Amino acid sequence: MLRFLSVTLLFWRTYLPRVLLTKRFAIVALGCTAPPAMAWLLLTVPRHAPEPIKGFMFPGFYLLLQFLVPLTAVITGSAVISEEVDDRTITYLLTRPIQRASILLGRWLATLSILLLFVTASVTALKFVAEAKAPSWKPGAALTREWTNRDGEKRSRTVEHEFDQKLVDAMADGKLPEGLYGALLIAALAGAAAYSALFAVIGVFTRHPMIIGLAYCFAVEGFLANLPGTSQTWTIQYYMRSYLLSRNEGLWKLLEEMPTTRFDSAAEALTTLAVFTVLVLGSGSFGISRKQYVLSA
């Protein structure tokens with residue numbers, strides 16, 4: 001057991017610096033700038049700026065949890081084993097006197113370490129932008145539209161921007177409500193770990209894990225996670241949302257994009273994601289220890 005752990009840590013240390021130099025993580029780093037960039041745009045456009053807290057909640061839920069976390073996990077997790085197959089170095093590793101599972105776990109831990117760092121930076125930057133813009137926020141001015149009808153008469157219409165007072169009051173002091181940042185961060189990190197483990201293990205059994213991962217995230221989960229009923233519980237998104245709603249549930253449900261169906265408690269959500277991650281990695285460890293990799297010429 002000690003030898004297994006030492007070899008796993010060796011793979012983690014060896015693969016960690018290599019991860020930072022790959023194009024995959026350059027894309028991930030660029031993608032993680034999208035949520036704070038969207039928040040800045042939302043809160044900067046004077047005529048259309050929403051309530052300050054929406055500058056955190058909307059990109060956090062819609063862009064970060066539903067899109068960025070699964071996408072970055074697909075990009076990075078799918079390369080854990082398939083990259084070695086594509087580089088034709090998998091046979092060398094498998095002929096070494098080590099347990100094969102340590103290859104999967106060590107490389108996955110290195111990938112996960114960098115992925116969690118980038119996700120944390122993205123959520124933290126999102127919080128910083130929202131709190132930096134909140135003190136200077138003012139309700140957008142009424143927008144007047146003018147046009148000429150068929151009879152040549154000039155017409156105009158003034159549109160007042162409507163704001164939810166609960167959302168306005170939530171950041172009256174310029175700070176996010178307690179627990180809002182932490183809940184989004186933990187939900188994102190737990191989801192990233194579960195997704196990346198799943199796609200790393202898919203790479204053990206197939207040569208094209210990225211294609212399968214993209215189809216799963218944006219076709220299967222994208223459909224099931226937004227259906228009413230128990231079908232939501234078959235997705236990772238359900239448990240990420242459950243943890244998110246464990247704090248400030250009333251505020252999150254004011255977002256139109258947030259489903260209002262019942263969710264699990266925070267403890268149940270994290271436990272389910274943890275058990276799922278362990279079981280997936282266990283199946284991957286079993287699979288890689290018995291799979292025969294035949295590389296074509």
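Some observations on this one:
- Between L2 and T22, the simple label model (points 7 Å from Cα in the Cβ direction) yields a spacing of 3.2 nm.
- Distance between the 7 Å Cα→Cβ label points at W234 and L279: 1.4 nm.
- Across segment 184-192, coupling constants 3J(HN,Hα) worked out from phi with the 6.51/-1.76/1.60 Karplus curve, θ = phi - 60°, read 5, 5, 5, 4, 5, 5, 5, x, 4 Hz, and Gly and Pro carry x.
- Estimated inter-spin distance, N226 and E249, nm [label 7 Å along Cα→Cβ]: 2.4
- Charge sum, other residues only, whose C-beta stays under 15 Å from E131's C-beta, Lys/Arg counted +1 and Asp/Glu -1: +1
Read the figures in this text as sums done on the coordinates, not as results from a lab. Model, not experiment: these values are computed from the prediction. Glycine also receives a Cβ, built like all others from the backbone with ideal geometry; neighbour counts cover every protein chain displayed.
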